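Colleague: Quick one: the structure is below, and I'll ask about it shortly.
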Amino acid sequence: QEVMDMEVKPQPSRPHWYELHVQPCLAELLGTALFIFIGCLAVLEDSGGTGRLQPALAHGLALGVTVTILGDI
């Protein structure tokens with residue numbers, strides 16, 4: 001009788017192989033490509049005396065914008 005009264009909870013479904021393996025790889029690839037592209041663009045034209053500040057600001061702003069836009073995902 002007690003066994004019949006217990007609720008059976010459904011087991012959570014396992015994520016698909018695509019979510020486990022492919023999505024993280026694609027995210028890493030796109031993120032790396034974005035930062036390489038931003039970094040190369042930041043050093044194309046050196047505006048006299050900025051040195052390391054210009055690429056650092058470019059990467060920091062790109063990271064901030066990316067987190068702001070995609071932070072809910």
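Colleague: Can you name the number of the only condition in (1) at pLDDT below 85; (2) exposed (fewer than 10 other Cβ atoms within 10 Å of the Cβ) that residue 25 fails?
Modeller: Going through the list (1) at pLDDT below 85; (2) exposed (fewer than 10 other Cβ atoms within 10 Å of the Cβ), residue 25 breaks only (1).
Colleague: Conditions: (1) of a type outside the set (A, V, I, L, M, F, W, C); (2) open to solvent by 70 Å² or more (accessible area, probe 1.4 Å); (3) modelled with pLDDT of 80 or more. Residue 54 meets all but one. Number of the miss?
Modeller: (2)
Colleague: Another question about this same structure. List, please: which pairs have Cβ atoms under 8 Å, are six or more places apart or on different chains, and start with a residue in region 23-35 that is under 12 Å from residue 62 (Cβ atoms) and end with one that is open to solvent by less than 60 Å² (accessible area, probe 1.4 Å) and part of a helix (DSSP H, G or I)?
Modeller: 31/66; 34/62; 34/66; 35/62
The values are calculated or read from the model by the stated rules, or taken from the named source; none is laboratory data. In this text, all values refer to a predicted model and were calculated from it rather than measured experimentally. Because the Cβ atoms are built from the backbone with ideal geometry, glycine has one as well, and the counts that use them run over all protein chains shown. Ligands, DNA and RNA are excluded from the accessible area calculation, which covers all protein heavy atoms including side chains. Shrake-Rupley method; radii C 1.70, N 1.55, O 1.52, S 1.80 Å.
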